1. Between ALA121, ALA43, which is surrounded by fewer than 18 Cβ atoms within 10 Å (Cβ to Cβ), within 15 Å of the ligand (Cβ to nearest atom) and not acidic (Asp, Glu)?
2. Restricting the first residue to the stretch 157-173 and requiring it to be in a loop (DSSP other than H, G, I, E, B), which pairs with a second residue that is at pLDDT below 75 meet a Cβ separation below 9 Å and a spacing of at least six or different chains?
3. Out of the stretch 132-143, which residues are open to solvent by 50 Å² or more (accessible area, probe 1.4 Å), near the ligand (Cβ under 8 Å from one of its atoms) and assigned to a loop (DSSP other than H, G, I, E, B)?
4. In the stretch 54-67, which residues are open to solvent by less than 10 Å² (accessible area, probe 1.4 Å) and under 9 Å from the mean Cα position of the chain (by Cα)?
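The values are calculated or read from the model by the stated rules, or taken from the named source; none is laboratory data. Predicted model, so just to flag it, every value in this text is computed and none were measured. Backbone-built Cβ (ideal geometry, glycine too); neighbour counts: all protein chains shown. Ligands, DNA and RNA are stripped out before the accessible areas are found, and what is left, the full protein with its side chains, is counted by its heavy atoms. Shrake-Rupley method; radii C 1.70, N 1.55, O 1.52, S 1.80 Å.
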Amino acid sequence: MNGRELAPYTCVAEDVVLGSDVRLAPFVNLYGCAIGDHTRLGAFVEVQREASIGRRCKISSHTFICSGVVIEDEVFVGHGVVFINDRHPRAAGADGTPLKEGEWRLEPTIIRRGASIGSGAVIMCGVEIGASAMIGAGALVTRNIPANAIAAGHPARILRIQTSDREGTDNAD
Ligand SMILES: CC(C)(COP(=O)(O)OP(=O)(O)OC[C@H]1O[C@@H](n2cnc3c(N)ncnc32)[C@H](O)[C@@H]1OP(=O)(O)O)[C@@H](O)C(=O)NCCC(=O)NCCS
């Protein structure tokens with residue numbers, strides 16, 4: 001993408017750092033984040049402040065990437081994936097005062113290079129998904145997943161370790 005030429009209904013705050021040739025579908029909402037070169041974001045993707053997405057990633061529609069999530073290069077994220085950064089969320093304190101920024105604890109998450117996350121997965125806070133790992137559709141990831149593992153289920157468990165990096169790339173579109 002060139003400068004700030006946006007698809008209709010796409011919101012990119014002034015403080016967003018966009019790499020070169022980033023492709024943003026309509027209804028994308030970005031603020032305070034960084035998106036690397038040649039990365040593609042589908043419709044209705046939201047990326048919050050202090051989240052970062054590397055180069056040559058594909059983030060499919062309806063995915064939510066919250067503050068504290070770091071996605072390295074060449075990561076695939078399916079449709080409707082939800083990241084979490086607050087393990088014990090509250091709207092207000094015991095006295096009913098709405099909680100402000102800094103009054104809750106953010107737990108960061110990192111997705112290593114070349115990993116894939118299937119559609120509908122939920123990624124709990126404070127986890128690391130290893131390089132080239134693959135997370136099944138609908139998984140609930142609560143613990144670290146090692147490099148090259150294929151994991152799925154509720155909670156996600158390792159099904160097997162891939163025999164080669166990025167198994168399945170032979171028939172990718
Ligand atoms: C997890 C995944 C990578 C496994 O693929 P695979 O290695 O070819 O595995 P198989 O289909 O041979 O299934 C192996 C076992 O895991 C189970 N399984 C597969 N996917 C699963 C999932 N998402 N959640 C829970 N269990 C799953 C299968 O039922 C099977 O169980 P069984 O041995 O008891 O019969 C794949 O099923 C998946 O979910 N891919 C993500 C797809 C996606 O979201 N794409 C987004 C773009 S459209």
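1. Numbers: ALA121 fails: surrounded by fewer than 18 Cβ atoms within 10 Å (Cβ to Cβ).
One residue alone meets the criteria, ALA43.
2. Cβ pairs passing all conditions: ARG166/ALA172.
3. Scanning the stretch 132-143 gives a single hit, ALA137.
4. Those that are open to solvent by less than 10 Å² (accessible area, probe 1.4 Å) and under 9 Å from the mean Cα position of the chain (by Cα): ILE59, THR63, ILE65, CYS66.
Here's the yes/no breakdown for (1) over 30 Å from ASP37 (Cβ atoms); (2) open to solvent by 40 Å² or more (accessible area, probe 1.4 Å); (3) within 13 Å of the ligand (Cβ to nearest atom):
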{"position": "GLU74", "(1), (2), (3)": "no, yes, no"}
{"position": "THR97", "(1), (2), (3)": "yes, yes, no"}
{"position": "GLY130", "(1), (2), (3)": "no, no, no"}
{"position": "ILE145", "(1), (2), (3)": "no, no, yes"}
{"position": "ALA151", "(1), (2), (3)": "no, no, yes"}
{"position": "ARG160", "(1), (2), (3)": "yes, yes, yes"}
